[in-house]
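The values are calculated or read from the model by the stated rules, or taken from the named source; none is laboratory data. The structure presented is a predicted model; accordingly, all values stated were derived computationally and were not measured. Note that each Cβ is placed from the backbone with ideal geometry, even for glycine, and that neighbours are counted across all protein chains shown. Note: areas computed on protein heavy atoms with side chains; ligands, DNA, RNA excluded. Shrake-Rupley method; radii C 1.70, N 1.55, O 1.52, S 1.80 Å.
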Amino acid sequence: MSVPKIVILGAGYGGLMTAKGLAKELKSNEAEITLVNQNSYHYVTTELHKPAAGTSHHDHARLSIPSVINTKRINFIQDRVTAIKLEEKEVQLESNEPLKYDYLVVGLGSAPETFGIKGLMENAFFIRNIASVRAIREHMEYMFARYALEKKEELITIVVGGAGFTGIEYVGELVDRMPELCREYDIPLEKVRIVNVEAAPTVLPGFDKELVEYAVKYLESKGVEFLISTPIEECTEEGVILKGGQEIKAATVVWTGGVRGNKLVEESGIETMRGRVKVDEYLRAPGYDNVFIIGDSSLVFNEEERPYPPTAQISTQQGQYLGKNLAVKLRGGEMKPFKYMPKGTVASLGRKEAIGVVGNKKLMGGSAAFMKKMIDLRWFYLLGGLSLVLRKGKL
């Protein structure tokens, strides 16, 4: 008798936790587990803003997948998923034969949400993966190098679109990086412009007001300009055009203003909202009791019927849940409903500053920065225990 085939797409927070959980819970004769990922490594999404600014090397934000999974139990395939065929129970890959599945876990992450802004995909940079953050850093440094010869202000003007978590954390790292970068290229620090543009009426929408004020005040004291309630209408080769017609000339534009689900999920025929799937209480896609959607492509609602924002924290919990509950289902037991338990949120403002809410406690400054470090180390502990924490602990 053949054993059930479980295929997991994507080795992000949710996919890795699912794979590790299933390998731990199930014996080898109970299921065949296959994990598919485009790269040979997992990148730590919550750390990508650092190499994008150049405050840490991009290798600190990635881990080899075979080094953190049990390769005797999990069949790892490095390939790009090209289609999900639900009726055929099959996943198509770019370089390998199609994979048949009995159970499918989709954790393919997100794509940038551009809200139809003209020229954004062509002219802006995105903090998406290792390749994209390397490109941002190299481009920015090249613009600074050119300034010595050309003396054009736009070369040392950086526009960051979006003042959500990624935008604010990236701006915080830029603030840390600028003194060193300016020394390296003999540029007076006060000449550099960092402009953070946000369409919503506040920085970090939905976050605690007092903490937002602390973050804005700190970043403004370091020279950051905030343009709030100001949508970007167009991104050009020269910079951005704001609603109302104002133009900011900038050689570097980085867009962090939102994500949508993966287009492969939309193309599979599963019902989506902006590319994301409203899953049931067991994280299943509507109409498919063998297809689970986790991470940025899933929509989980709270008691007020508002969707939780896509974060590493919720993806990790979904993976931990599925690792246990899918094993229960395979053995003929009853799955328990998924319940997200938010443990708090911390946003860094550079190396030594942060803001956050943990439990009912508000944190700001050094204590919040310490908490952020602990949260990052916890992920490494979940993935590879103490040895991985010691290896990657210099984040």
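List of remarks:
- Highest mean first, the peptides 263-272, 348-357, 141-150 sorted by other C-beta atoms within 10 Å per residue fall in the order 348-357, 263-272, 141-150.
- The chain: angle of helix 165-184 to the longest principal axis, Cα-based, in degrees nearest 10: 50
- Highest mean packing first, where packing is the average number of other Cβ atoms within 10 Å per residue, the peptides 161-167, 118-124, 35-41 line up as 161-167, 35-41, 118-124.
- Between 0 and 90°, nearest 10: helix 13-25 axis offset from the chain longest Cα axis: 30
- Added length on full extension, which subtracts the Cα-Cα distance from 0.36 nm per residue, Glu97 to Glu153: 14.9 nm
- √(5λ) per eigenvalue of the Cα gyration tensor, segment 213-266, largest first, Å: 25, 19, 11
- Highest mean packing first, where packing is the average number of other Cβ atoms within 10 Å per residue, the peptides 335-342, 77-84 line up as 77-84, 335-342.
- Accessible area (Å², per residue) of segment 50-168, counting only protein heavy atoms and a probe of 1.4 Å: 45
- Convex hull of alpha carbon positions in segment 118-269: directionally averaged projected area 10.2 nm².
- Carbon and sulfur %, accessible surface of segment 56-135 computed with the full protein complex present, 1.4 Å: 46
- Here each label is just a point 7 Å from Cα along the line to Cβ, and for Asp208 and Phe301 those points are 2.9 nm apart.
- Contact order, relative form, for segment 167-234: 43 percent (alpha carbon pairs under 8 Å, 6 or more residues apart, mean separation divided by residue count).
- Calculated FRET value between Asn29 and Glu220, using beta carbons and R₀ = 45 Å, to 0.05: 0.15
- Nearest-ten-degree value, helix 209-221 long axis tilted from longest Cα axis of the chain: 50
- Summary value for segment 57-205: 16 percent relative contact order, contacts being C-alpha pairs under 8 angstrom separated by 6+ residues.
- Treating r as the C-beta distance of Thr82 and Ala131 and R0 as 25 Å, the FRET efficiency rounds to 0.85.
- Accessible area of Cys235 in the full protein assembly, 1.4 Å probe (Å², nearest 10): 0
- Computed [θ] at 222 nm, deg cm²/dmol, the chain (DSSP H ≥ 4; -39,500 (n - 2.57); rounded to nearest 500): -10500 deg cm²/dmol
- Using a Förster distance of 22 Å, the FRET efficiency for His139-Thr236 (Cβ separation, nearest 0.05): 0.85
- Value of relative contact order over the chain, rounded to a whole percent, pairs C-alpha under 8 Å and six or more apart: 19
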